[in-house]
Amino acid sequence: MSITNTTVGPPPPFDPELSAALEAMPELPGSLTLDLVAVMREANAAQEATDADLTRGGAFEVTHHTAEGPHGDVPLLVVRPANATTTAAFYYIHGGGMVMGSNRGPDSAKTFELAAELGLTVVSVDYRLAPEHPHPAPVEDCYAGLQWTAKNADELGVDPDRVVVAGASAGGGLAAATTLLARDQGGPAIAAQLLFCPMLDDRNESVSARQMVGRGIWDRGSNDMGWTALLGDARGTADVSPYAAPARATDLSNLPPTYLDVGSAETFRDEVVEYASRIWAAGGEAELHVWPGGFHGFELLAPQTLLAQTAGAPRGPWLRRVLGL
Amino acid sequence: MEDLVGRLAALDPDAGAAVKVIAYFDRLVEARAGLEPIVRGAAVLTGVAARLVDDDRGVSVRVDDKGVVRPLGGPPDPRWPNAPLHPGGPPALWLERPGPAGPVEAMVLERAVSAARGVLARQRGPATADDVAAVLDATVGERARQRAARRLGLGAEARAVALDGNRPKVLAADREPPPGRAGVGPTVPVLDLPSSWAAAKTALRFAAAGTEQDPGPSVVHADRLGGLAVLAAAVGPGAEPVPDVRDLERARSAAPWALATLVAVATTPSLRTAATTLVVHHSTLQDRLAHVEDLLGWSVRDPSGRLRLQLAIALRRLHQHPDQT
């Protein structure tokens, strides 16, 4: 499927409430550069949840673990419903454009909330970040953490057949890549994958990428920066692995049930829609939501808006159906 | 990326926050957002639940501090900061927290009601008062008057009512005017309400306050005035009272009971009924009438004197309530 020759119209309007929220936010640079990453990593660190936050008043137990990976130890945060018997689990991969974020950052909050709502355990992985650790370090850390989770499922009180790989933004891309790796290497069972506004395609040439230049959060320029940090000069060339950019995968068959969502007014719109379409084309099962007027990360930035409330609503029911909860 | 920016609720109560509040509501207005986003904006920007209630137009929206729409619950607390939709009107928007509004809250209230006013004008047409004015005004186009009539919930026919001070009201044929002086126009097709209004204003001039100084019925129906209506046109502003009106005034000054006695005699079928109405003994009434007839210089008990009395009373009311249009 090629949409690069499609006439590019003006960007879709932002949802009115999102537009107002964006207006009230601190001034943001149109495109992020690597120079800003150090500052942003510090800002993100200030917003991390503490273990105490994650216990939700004692309803959850927090433990810390380490997986051995090909690039060294991979820290894992495990948040488990207190006194529960065996549970299903999220294997969560955080966002941050491949260059920032952590396994207890703000983007993980909706996954912890969903886990609380459904009684799931969360294993949240702290993978190495680009540009210090380019591909394949991030995805191999994620995969090592997934293997550890499967291997230690019994001790964790997790049902290894009901592990959902989930991720937001760059984490969504890494979740899709981890799922492809598991499929191709005969790795751990993955019951489903939840891809929140995932970052899938290093080529960054879609209509939506071109429409959203300089607009909203994470425009085409920011996306270039993130992919270049991960892939260096290889970005956009024929050499990019599908385990780095899952949109490069030629075979999307035999994937677990997949949930994808994205805003209509964000860079990732078209690559997410295309990924869902290709899963269907390959005979797979996918649920796709394109939220009109949504910019990247709108649920995190403006959680009070009606669109954010609406976007959060279908995930629980989808998981209940897919996991048979 | 998404983790960079703070949440809306974290706005500082400084000048920068005020600018952002203005920008937030301006953007909602530009995007033609509805009432719910405006109330949600008020709630999330102040961090407390907010409600908008306009009984006249059936508006009732309540949003909690997380942006979730909730039922109204109990009545508003008078200690909550609030703002009217129109200057001098009743409170319409509340922030559900006791105590005076801080600077940011005051700004939120002001911008939110301003935005809500625009939405109401667009979605539901002008305020009720404007709709009433429209249906009574023959210079307003017929389609606009029909629309206004529909918004007021009128059927095919209705009647205009002039309340004390020439305040307009429009009532369905089976509805009674509120207590106090009222001139009731004839029931007519809604497009003829301007003529009903003219008749109602005339009828109001014949309506008494119902006090000792201004005794008599306080509700007068235009279609029962008969030829008296012609008199109204004859008594314009500054018109000289005829001698019979001066005589009535003289009698009123001489005896506090005189006017009430004469009105009772003029408006009841017999002296016995008049005595009952006045709660005096029949012979007392006879004595009083003899006295007051001396003051007037004519008999009020024969048919021509009774007509003369009725005219004098009507003329006196017309002088008391001059034409205000």
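The values are calculated or read from the model by the stated rules, or taken from the named source; none is laboratory data. Just so it is clear, the structure is predicted and the values come from calculations on it, not from any experiment. All Cβ positions, glycine included, derive from the backbone under ideal geometry; neighbour counts span all protein chains shown. Side chains are part of the model used for accessible areas, which takes the heavy atoms of the whole protein and leaves out ligands, DNA and RNA. Shrake-Rupley method; radii C 1.70, N 1.55, O 1.52, S 1.80 Å.
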Segment A:116-136, residues that are farther than 16 Å from A:L76 by Cβ and either more than 16 Å from the chain's Cα centre (by Cα) or not in a loop (DSSP other than H, G, I, E, B) (or both): A:A116, A:E117, A:L118, A:G119, A:P131, A:E132, A:H133, A:P134, A:H135, A:P136
In segment B:196-209, the residues that are farther than 16 Å from B:G165 by Cβ and either open to solvent by less than 20 Å² (accessible area, probe 1.4 Å) or more than 19 Å from the chain's Cα centre (by Cα) (or both): B:S196
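Those residues that are open to solvent by 60 Å² or more (accessible area, probe 1.4 Å) and either aliphatic (A, V, I, L, M) or in contact with an Asp or Glu (Cβ under 8 Å, 6 or more places away or on another chain) (or both), I need them from segment B:229-244; list them, please.
If the condition is that a residue be open to solvent by 60 Å² or more (accessible area, probe 1.4 Å) and either aliphatic (A, V, I, L, M) or in contact with an Asp or Glu (Cβ under 8 Å, 6 or more places away or on another chain) (or both), then B:V230, B:A233, B:A234, B:P237, B:V242 are the ones that fit.
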Number of positions in segment B:32-84 that are within 9 Å of another protein chain (Cβ to nearest Cβ) and either farther than 18 Å from A:T305 by Cα or touching a residue at least 60 places away in the same chain (Cβ under 8 Å) (or both): 5
Residue satisfying all of: in segment B:44-61; modelled with pLDDT of 95 or more and more than 28 Å from the chain's Cα centre (by Cα); farthest from B:L95 (Cα to Cα) among these: B:A49
Members of segment A:67-86 found to be polar (S, T, N, Q) and without any contact (Cβ under 8 Å) to a residue 40 or more places away in the chain, listed by number: A:N83
Failed criterion for A:P198 (all others in (1) open to solvent by less than 10 Å² (accessible area, probe 1.4 Å); (2) under 22 Å from A:P29 (Cβ atoms); (3) of a type outside the set (A, V, I, L, M, F, W, C); (4) assigned to a loop (DSSP other than H, G, I, E, B) hold): (2)
The lone exception for A:D107 - which of (1) open to solvent by less than 10 Å² (accessible area, probe 1.4 Å); (2) of a type in the set (D, E); (3) within 22 Å of A:A153 (Cβ to Cβ) it fails: (3)
Where B:G88 falls short, out of the listed (1) touching a strand residue (DSSP E or B) at 6+ places or on another chain (Cβ under 8 Å); (2) surrounded by fewer than 18 Cβ atoms within 10 Å (Cβ to Cβ): (1)
All positions within segment B:64-88 that are closer than 18 Å to B:M107 by Cα and in a strand (DSSP E or B): B:N82, B:A83, B:P84
Evaluation of B:R143 against (1) more than 22 Å from the chain's Cα centre (by Cα); (2) closer than 30 Å to B:V44 by Cα; (3) not hydroxyl-bearing (S, T, Y) (one fails), failing number: (2)
Residues located in segment B:137-174, provided they are part of a strand (DSSP E or B), open to solvent by less than 50 Å² (accessible area, probe 1.4 Å) and in contact (Cβ under 8 Å) with a residue 24 or more places away in the chain: B:A158, B:R159, B:A160, B:V161, B:A162, B:L163, B:V170
Qualifying residue in segment A:257-270 (condition: within 14 Å of chain B (Cβ to nearest Cβ), under 19 Å from A:A166 (Cα atoms), touching a Pro at 6+ places or on another chain (Cβ under 8 Å) and modelled with pLDDT under 95): no
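Filter segment B:24-45 down to residues that are aromatic (F, W, Y) and touching a strand residue (DSSP E or B) at 6+ places or on another chain (Cβ under 8 Å), then give me how many there are.
0
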Test: residue in segment A:64-86 that is of a type in the set (A, V, I, L, M, F, W, C), surrounded by fewer than 23 Cβ atoms within 10 Å (Cβ to Cβ), within 22 Å of A:S169 (Cβ to Cβ) and at pLDDT below 95: no
Residue in segment B:70-85 that is at pLDDT 90 or above, surrounded by 13 or more Cβ atoms within 10 Å (Cβ to Cβ) and more than 26 Å from B:K20 (Cβ to Cβ) present: yes
Extreme residue, nearest to B:P243 (Cα to Cα), among residues of segment B:265-297 that are in contact (Cβ under 8 Å) with a residue 40 or more places away in the chain and hydrophobic (A, V, I, L, M, F, W, C): B:L296
Per-region count, segment B:218-228, residues hydrophobic (A, V, I, L, M, F, W, C) and open to solvent by less than 40 Å² (accessible area, probe 1.4 Å): 3
Test: residue in segment A:178-193 that is farther than 18 Å from A:D141 by Cα, under 16 Å from the mean Cα position of the chain (by Cα), modelled with pLDDT of 95 or more and open to solvent by less than 10 Å² (accessible area, probe 1.4 Å): yes
A:L325, sole failed condition from (1) in a loop (DSSP other than H, G, I, E, B); (2) open to solvent by 10 Å² or more (accessible area, probe 1.4 Å); (3) modelled with pLDDT of 95 or more: (3)
So A:A247, is it more than 14 Å from chain B (Cβ to nearest Cβ), at pLDDT 95 or above and closer than 19 Å to A:L288 by Cα: yes
Hits in segment B:15-32 (condition: open to solvent by less than 10 Å² (accessible area, probe 1.4 Å) and within 16 Å of B:R122 (Cβ to Cβ)): B:F25, B:L28
Matching residues, segment B:116-125, being open to solvent by 10 Å² or more (accessible area, probe 1.4 Å) and at pLDDT 90 or above: B:R117, B:G118
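Would you check which residues across segment A:291-306 are crowded, with 17+ Cβ neighbours inside 10 Å and more than 10 Å from chain B (Cβ to nearest Cβ) and list them?
First pass over segment A:291-306, keeping only residues crowded, with 17+ Cβ neighbours inside 10 Å: A:291, A:293-306.
Within segment A:291-306, A:W291, A:G294 meet the criteria.
Conditions (1) open to solvent by less than 30 Å² (accessible area, probe 1.4 Å); (2) more than 30 Å from B:V61 (Cα to Cα), marked per residue:
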| residue | (1), (2) |
| --- | --- |
| A:D224 | no, yes |
| A:A234 | no, yes |
| A:L252 | yes, yes |
| A:L260 | yes, yes |
| A:G263 | yes, no |
| A:F268 | yes, yes |
| A:E271 | yes, yes |
| A:W280 | no, yes |
| A:A286 | yes, yes |
Scope segment B:46-63; condition assigned to a loop (DSSP other than H, G, I, E, B) and either in contact with a strand residue (DSSP E or B) (Cβ under 6 Å, 6 or more places away or on another chain) or under 20 Å from B:D130 (Cβ atoms) (or both); matching residues: B:V48, B:G58
